[in-house]
Amino acid sequence: MTDEQAPSPRRIKPGWILLAVLAVSVVWTVPWWGRRLDFFRVHTVEVRGTRFARPDEIMRRLGVDSTTSIWASVDTIARRAERHPQVRSAVVKRRLPGTLVVEVEENEPVAFVQGTKGLRAYDENGRLLPMDPTRVDADLPIAERPDTTLLHLLADLRANDPELFAAISEVRLSGREEFRVYFDALPVRARRGDGAERFEGLSSVLRDLKSRGVVPLELDVRFKDQVIARLP
């Protein structure tokens, strides 16, 4: 094919370029002009990730109603959700044309503490949580008071050995430097400040004693790499 016969390059018509620019501009500016359209008003709010908190309580803190635009600041709405004491963090996403999805991560309770108004739930940092023990299914140990040292230990035990944590019925302070963790009626002595590593091997000791039909009066994990059983 000669140069005279080669097809000329296709040229994009100016009209198509203008249309493309307009389309990009429309999409880019939707958050600005879309605020004025009823089509982009919030008509649904979904709260996800809750186990202990009531979604309706979180929704009341959002400051969102049917006059709110879907293009409202999601960061601002997330910060409002995080004011709920049960909420550790929140992320808000848009689902067009009018739905906000609020995904929350909760402050997890680690113990109940008996108060004047009944059992109250606390997280590992000693934060009082707005949980109703009669409404939620939470099998937690009962602590004598919201001592953060003990609450941190319970959180570590739950993270490292959930099965062992689930067997704890109660935690009591015993003097200034010692406490007792109760597995049903069996007390385990530990020192204040001990971490979950002190309880490593406790599950196997309990299984061994049970297999031999031995019921100890007390176990002691105050000494490194040892579980001492006090027998009848």
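The values are calculated or read from the model by the stated rules, or taken from the named source; none is laboratory data. Keep in mind that what you see is a predicted model, and the values were worked out from it rather than measured. Cβ: placed from backbone, ideal geometry, glycine included. Neighbour counts: every protein chain shown.
What to note about this one:
- Residue 170 vs. criteria surrounded by fewer than 18 Cβ atoms within 10 Å (Cβ to Cβ), in the same structural domain as residue 204 (by TED's automatic domain parsing) and within 14 Å of residue 196 (Cα to Cα): no
- Subset of region 54-70 [within 10 Å of residue 42 (Cβ to Cβ) and either touching a strand residue (DSSP E or B) at 6+ places or on another chain (Cβ under 8 Å) or touching a residue at least 24 places away in the same chain (Cβ under 8 Å) (or both)]: 62, 64, 66, 67, 68, 69, 70
- Restricting 64, 92 to those that are farther than 26 Å from residue 138 by Cβ, outside the structural domain of residue 143 (by TED's automatic domain parsing) and either aromatic (Phe, Trp, Tyr) or not in a strand (DSSP E or B) (or both) reduces the list to 64.
- The combined condition, being buried (at least 21 other Cβ atoms within 10 Å of the Cβ) and under 30 Å from residue 185 (Cβ atoms), is fulfilled by residue 151.
- Selected residue (criterion: surrounded by the most Cβ atoms within 10 Å (Cβ to Cβ)) from residues of region 90-108 that are farther than 17 Å from residue 123 by Cβ and among the aliphatic types (A, V, I, L, M): 102
- Any chance residue 185 is small (Gly, Ala, Ser) and closer than 14 Å to residue 110 by Cβ: no
Yes/no per residue for (1) at pLDDT below 95; (2) outside the structural domain of residue 225 (by TED's automatic domain parsing); (3) part of a strand (DSSP E or B); (4) out of contact with any helix residue (DSSP H, G or I) (no Cβ under 8 Å at 6 or more places or on another chain):
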{"position": "119", "(1), (2), (3), (4)": "yes, no, yes, yes"}
{"position": "131", "(1), (2), (3), (4)": "yes, no, no, yes"}
{"position": "135", "(1), (2), (3), (4)": "yes, no, no, yes"}
{"position": "145", "(1), (2), (3), (4)": "yes, no, no, yes"}
{"position": "179", "(1), (2), (3), (4)": "yes, no, yes, no"}
{"position": "193", "(1), (2), (3), (4)": "yes, no, no, no"}
{"position": "203", "(1), (2), (3), (4)": "yes, no, no, no"}
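- Checked against the criterion of being more than 25 Å from residue 126 (Cα to Cα) and in contact with a strand residue (DSSP E or B) (Cβ under 9 Å, 6 or more places away or on another chain), the candidates 87, 45 yield just one match: 45.
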